[in-house]
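Asks: My questions will all concern the structure given below.
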Amino acid sequence: MADELKMDPARIARLRDPKRLETIDPLRILEAATPVGEGPVVDVGCGVGFATLPLARRLPDREVVGVDLLAGMVELLAADAAAAGLANLKTHAMPGPAAIPLDAGSASLVCMVQVHHELDDAPALMRECRRVLAPGAAIVVVDWKPDDDAKGRRLPPERIEADLSGAGFADVRRHDLYPLHSVISGRAPASG
């Protein structure tokens, strides 16, 4: 049964479940890459803010932006940010699956947590992430490591690396931060 935001309450409960923190601490993203410049940190596919809220708390002097295709998720995140007094957290609904409503070269860091395996056109979204990143700024993609029980939903890290490289990211590398998740980063070209 869906709520008035057209979101499945069971899914929202799973996304907000604090037990998720037992396998993935979203703040460890900052060990893979730090923001470059003064622009916002952007959480693509933010959902209800699993990574966005902790990042906004950790970086109170920096704008943190959560973007998601589902307007209902963005509305829930905005309400939670307001309730927590996080004036530095902004939200935007994405107008399409490969459209981030931010200016080119404006973001200091982009992260995607447990999103890549759900993408229909990962290369298009990776190119869009590169577009919004400032020169030399990084993207950090965190997603499930493959295993035998994944039913095809989990991607090998090589696939994520190929998507990033194919989108023009440089210095693509893996980071050993989580036992159950791959962490892959790449940098936007230093010029252009």
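Asks: Could you look through segment 160-192, keep only residues that are out of contact with any Ser or Thr (no Cβ under 9 Å at 6 or more places or on another chain) and hydroxyl-bearing (S, T, Y), and pick out the one that is nearest to R127 (Cα to Cα)?
Replies: Ranking the candidates gives S165 first.
Asks: Out of all the residues in segment 171-182, is one or more in contact (Cβ under 8 Å) with a residue 12 or more places away in the chain, within 18 Å of C46 (Cα to Cα) and assigned to a helix (DSSP H, G or I)?
Replies: Within segment 171-182, not a single residue is in contact (Cβ under 8 Å) with a residue 12 or more places away in the chain, within 18 Å of C46 (Cα to Cα) and assigned to a helix (DSSP H, G or I).
Asks: Further, regarding this structure: Please tell me if P123 is touching a Pro at 6+ places or on another chain (Cβ under 6 Å), part of a helix (DSSP H, G or I) and not aliphatic (A, V, I, L, M).
Replies: no
Asks: While we're on this one: Does segment 145-156 include one or more residues that are in contact with a Ser or Thr (Cβ under 8 Å, 6 or more places away or on another chain) and not in a loop (DSSP other than H, G, I, E, B)?
Replies: No, the conditions are met nowhere in segment 145-156.
Asks: Name the residue, out of L69, L55, L76, that is surrounded by fewer than 21 Cβ atoms within 10 Å (Cβ to Cβ) and either within 20 Å of L180 (Cα to Cα) or not polar (S, T, N, Q) (or both).
Replies: L69
Asks: Right, another one. Could you list all residues from segment 116-140 that are closer than 19 Å to L180 by Cα and open to solvent by less than 20 Å² (accessible area, probe 1.4 Å)?
Replies: Result: H116, V140.
Asks: Could you check segment 83-110 and list, in sequence order, the residues that are buried (at least 17 other Cβ atoms within 10 Å of the Cβ), under 14 Å from the mean Cα position of the chain (by Cα) and in a loop (DSSP other than H, G, I, E, B)?
Replies: Result: M94, A98, I100.
Asks: Let me ask another. Looking at (1) out of contact with any Phe, Trp or Tyr (no Cβ under 8 Å at 6 or more places or on another chain); (2) at pLDDT 95 or above, can you tell me which one K151 breaks?
Replies: Evaluating K151 over (1) out of contact with any Phe, Trp or Tyr (no Cβ under 8 Å at 6 or more places or on another chain); (2) at pLDDT 95 or above leaves (2) as the failure.
Asks: While we're here: Only one of R173, R159 is at pLDDT 95 or above and either more than 18 Å from R130 (Cβ to Cβ) or not polar (S, T, N, Q) (or both). Can you tell me which?
Replies: None of the other options fit; the residue is R173.
Asks: Could you tell me which residue of segment 168-179 is farthest from I139 (Cα to Cα), considering only residues that are aliphatic (A, V, I, L, M) and surrounded by 16 or more Cβ atoms within 10 Å (Cβ to Cβ)?
Replies: In this case the residue turns out to be L177.
Asks: Looking at the structure I just gave you, is A13 at pLDDT below 95, aliphatic (A, V, I, L, M) and surrounded by fewer than 17 Cβ atoms within 10 Å (Cβ to Cβ)?
Replies: Answer is yes for this residue.
Asks: Could you pull out the residue among S191, S165, S182 that is surrounded by 23 or more Cβ atoms within 10 Å (Cβ to Cβ) and of a type in the set (S, T, N, Q)?
Replies: When all the criteria are applied, what remains is S182.
The values are calculated or read from the model by the stated rules, or taken from the named source; none is laboratory data. Computed from a predicted model, the values in this text were never measured in an experiment. As a convention, Cβ positions derive from the backbone with ideal geometry for all residues, glycine included, and neighbour counts pool all protein chains shown. We work out accessible area using only protein heavy atoms, side chains counted, and drop any ligands, DNA or RNA first. Shrake-Rupley method; radii C 1.70, N 1.55, O 1.52, S 1.80 Å.
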